[in-house]
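One structure is given here, and the rest of the page talks about it.
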Amino acid sequence: MHPSRPFEPKNGFIKWFDRQLPLFTVMHGSLVAYPTPKNLNYWWSFGSLAGFMLGVQIITGIILAMHYTPNVDMAFGSVEHIMRDVNYGWLLRYVHANGASFFFIVVYIHIFRGLFYGSYKAPRELLWMLGLVILILMMATAFMGYVLPWGQMSFWGATVITNLFSAIPLVGNDIVTLLWGGFAVDNPTLNRFFSLHYLLPFVIAAVAFLHIWALHIPGSNNPLGIDVKGPQDQIDFHPYHTAKDLFMISALMVIFFGVVCFAPNYLGHPDNYIPADPLVTPPHIVPEWYFLPFYAILRSIPDKLLGVLAMFSAIIVLFLLPWLDSHKVRSGAFRPIFKQFFVLLVIDVIVLGVVGANPPEGSWLIIGRLATAYYFLHFLVVLPVLSRVEKARPLPESISQAVLAKH
Amino acid sequence: MKNKKIVAGLALVAGLSLPALALASTDAEEPMQPPGGWPQDGIIGAHFDRQAAQRGFQVYKEVCHNCHSLKYVAFRNLEDLGFNEAEVKAIAAGFMVQGEPDSDTGEVKDRPGKPFDHIPSPFPNPEAAAASNNGAVPPDLSLMAKAREGGPSHIYSVLQGYKTPTAEELKELPGGKVPEGSYYNPYKAGHVIAMPPPLSDGLVQYGDGQPQPTVQQMAYDVSTFLAWAAEPKLEQRKRMGFFYEILLLIVCGLLFASYKRISKRVLGH
Amino acid sequence: MSTTDSHIEPHGEGVRRRDFLFVAAGGFGVVAAAIAAWPLIDNLNPSADVLALSSVEVDLSKMQVGQRISVKWRGKPVFVSRRTDKEIAEAKAVDISTLRDPETDAERTKKGHEQWLIVIGVCTHLGCIPLGTKEGDNRGEFGGWFCPCHGSQYDTAGRIRKGPAPKNLFLPDYKFLNDTRIRIG
């Protein structure tokens, strides 16, 4: 997407600077005069919200790292030191802990928006896949971050998740020993997790930069899923989207600070306020809520290796999505059958989440297996079949026409 | 259009309510709330009952401290409960803590506590604690009110929950009986607890003008104290939260109006 | 906002109200951001446990005349010197108008406890720890302390006499609890 108008600075310094390094031209082209479809709805703000939450996490994380000690004997105590003695330490920690949850809420909504409106389809396949890379990096970062307070859930979560790699044939156990740096999760594990937990957010930021770059080549998809035909279909990013995104950020913060200040431990688990004990496993080990659907898929398969493979496949299948769903129409709004299956997928993922939170026994096991089966069926069978047979409703001529018709 | 919004809304709500569902499978009985609830709960005016917390500290000191440490609480923190500086000094001096090595001999002697010291553990190490308690280390109580489902209500209930099990309740236990050296308590997961009933009516002498030290009163007091010990910044957090919310709602409203105004200007609607 | 003036047109009222809305939104937004930023800064200040340790009591009863000791206070050494009569006399004899940082000996000690000099043992030049507390240390030309980093020399009242340091050794906040016990901080 070319800027809607050239950058013409008046200020002498900016002119001089920009001639040698066109930083202002690039910023102007991607944040001010960046043309976007004029029919974007509120769901399109969740990309900005995700970027905002990444910023919140990096800033609070850097500060927490100044007060935290990554040592098995001191980690738990240093978190309590933050909670009790550091000025506003409790606030920073609760913002960071709940910030991870809100980052995931925002990103999951962002992903489902892409799934519904076909944002993964050409010419945006790479954009979609870069987003999935961010998701995987977020999961790794969140998992390692949860280990740092060195509570019971930290320790046993780390043990269980790293043990997934022992499912790899032949070299599995050697890989686990390598990950741990010992024969159990211990001080070396904590130290390397801290190092990586500090590093990965910056990798996320770098991939997010590529993600935005890849977005700005074709420009945003839109609720109609049709291409822009010209300037009459578009609006500059500034001031329209700046205002809209700022409003959305403030709305998110209203909810966020409600949780941080009035229910900061609601999304956590009480067992993580018990210091890690390598000799006692808590009765119910539950991962953080954002991992529950994947955890349910893992446990629904009785074989260790196949379970692990299924869990990783749940994300890998999303990489293939642009080719699995080859229907010509992007937006789910014009695909009546797809729409119903989409709703089913959303329910399915929620069900998987509930199953993941419950012990793998009795009816939970059966529900978990059915939900897992549907998850893969949806992507591997339903979408390819619909691509062939589904007849879409007629698309509007252009975005501006549709907008005019609506108002 | 409407459907989509509902579905996404549901997804958000479900995401938030999952942890609650996750806890449905514990077999401990639903903990009791004190009559009238906890004053530190709620949004506006949430506060710790300081009188109760001060009495609760007395119960901790005279009863719980025989076995349980409270290592993340320093004596200086007690000023938060309304003790003045001199009282805190006196309380601290009533505990012996490990001193610094003597500069001449290198000998380490215990000395009376000072406000900056943390409340010392009743046992020198976990092994000693286990040896005195049938092999089970009594857990540190600093975070007990956050480390159990139900929080302070859990402590309040367990302290009052000791009873002789009925034949039916016995049947639910593995082996059909309470294990040797353990006690029946339905508020504990598994309904069996290693701690002997710690409270009995009149166990602690409360000062003049204070309520009768019944088991229920002491349970309430010490649970209040431990709720404070686990989350000493709760009051500040909720006060700031209320202020943040008001400010954020104003900002949110103004930004929404601004967005609408700009939308009208550049989009015409 | 000065833009209001240049915008007064037929719809002047509307424009003014619109600008007011944006100014209000921006203003409240900046206030909110500032409030959010404060915890990000204040957490770097000393935490409650550090502040609680900010006073230390020292027992002076075992110190000999002429002995100097160093006590750790707030992560820095405090020099306690039980001065000999000769050292006190030397400190008092100095013409303070010749000093870089003029202070009398009386200003640097507590009345009735002139024997005791208590100073923060950090060179006022660039923060090194001067020599002269341990026996056998180089005490410089003035019998006080000598900073090995850049050669600053202090006298028996801890005043700067020679070298690059601009100020006398700083005095900590302290008081005598009784004749043989002080509390620093």
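Details
- Acute angle (nearest 10 degrees) that the helix B:2-22 long axis makes with the longest principal axis of chain B, alpha-carbon atoms: 0 degrees
- Note on the protein assembly as shown: dipole from Cβ charges, positive end direction compared against A:I297, A:V346, B:H154; the farthest Cα belongs to A:V346.
- Entries in A:K121/A:K391; A:K38/A:K244; C:K72/C:K175; B:K114/C:K134; B:K61/B:K89 that, when Cα-Cα distance is taken, lie over 20 Å: B:K114/C:K134
- Taking a ≥ b ≥ c as the square roots of the eigenvalues of the Cα gyration tensor, an a/c ratio of 1.5 or more together with a/b no larger than b/c marks the stretch A:241-315 as oblate.
- Based on the reciprocal of the average 1/r between different C-alpha atoms, the Kirkwood radius for chain B equals 22.3 Å.
- Crossing angle, helix C:12-42 versus chain C [Cα axis fit, 0-90 degrees, rounded to tens]: 30 degrees
- Fewest-first sequence of B:M96, A:M139 by Cβ atoms within 10 Å of each Cβ: B:M96, A:M139
- Across the stretch A:107-216 the C-alpha pair distances fall into 10 Å bins from zero in the proportions 14, 35, 27, 21, 4 percent.
- Three-way shape label, the protein assembly as shown, alpha-carbon gyration tensor, a/c 1.5: oblate
- Gyration tensor (alpha-carbon) shape descriptor, the stretch A:205-249, a/c threshold 1.5: oblate
- The translational diffusion coefficient of the stretch B:84-219, from Stokes-Einstein at 10 °C and 1.306 mPa s with a Kirkwood hydrodynamic radius over alpha carbon pairs, comes to 86 µm²/s.
- Across peptide C:43-53, the mean count of Cβ atoms from other chains lying within 10 Å of each residue's own Cβ comes to 6.
- Going from the fewest other Cβ atoms within 10 Å to the most, the residues B:F242, C:F20, A:F104 appear in the order C:F20, B:F242, A:F104.
- Across the stretch A:4-18, coupling constants 3J(HN,Hα) worked out from phi with the 6.51/-1.76/1.60 Karplus curve, θ = phi - 60°, read 5, 8, x, 7, 10, x, 9, 5, x, 5, 4, 4, 4, 4, 5 Hz, and Gly and Pro carry x.
- A simple rule links phi to the HN-Hα coupling: the Karplus curve 6.51 cos²θ - 1.76 cosθ + 1.60 with θ = phi - 60°, which for the stretch A:304-316 gives 4, 5, 5, x, 5, 4, 4, 4, 5, 5, 4, 8, 4 Hz, with x for Gly and Pro.
- Loop trypsin sites (Lys or Arg not before Pro), the stretch B:144-225 (other Cβ atoms within 10 Å of the site Cβ: 15 or fewer; DSSP): B:K163, B:K177
- Comparing mean-square fluctuations of A:I134, A:I366, A:I204 from a GNM of chain A with C-alpha springs under 10 Å, the top value falls on A:I366.
- Cα convex hull, chain A: 174 Å³ per residue, rounded to a whole number.
- Hz values of 3J(HN,Hα) by residue in the stretch A:331-347 - Karplus curve (6.51, -1.76, 1.60), Gly and Pro given as x: 6, x, 5, 9, 10, x, 6, 3, 4, 5, 5, 4, 4, 4, 5, 4, 4
- Where the Cα pairs of the stretch B:74-119 fall when distances are cut into 10 Å bins, in %: 31, 43, 20, 6
- For chain C, the fraction of C-alpha pairs farther apart than 29 angstrom is 43 percent.
- Likely footprinting exposure, C:H113, B:H68, fewest C-beta neighbours within 10 Å first: C:H113, B:H68
- Just so you know, the Rg over Rh for the stretch A:286-407 is 1.10, from Cα atoms, with Rh as the Kirkwood radius.
- Here the Kirkwood formula puts the hydrodynamic radius of the stretch B:188-252 at 15.5 Å, using every distinct Cα pair.
- Inter-chain neighbour count for C:19-32: the average number of beta-carbon atoms from partner chains within 10 Å of each residue's beta-carbon is 5.
- Backbone N within the stretch A:369-407 under 16 Å of label point (7 Å from A:Y42 Cα along the Cβ vector): none
- Helical runs (DSSP H, four residues minimum) scored at -39500 (n - 2.57) apiece and divided by the length of chain A put the mean residue ellipticity at 222 nm at -21000 deg cm²/dmol.
Taken together, the values in this text are just the output of simple stated rules run on the coordinates, not laboratory data. Computed from a predicted structure; not experimentally measured. Quick reminder, even Gly has a Cβ in these numbers, built from the backbone with ideal geometry, and neighbours come from all protein chains shown.
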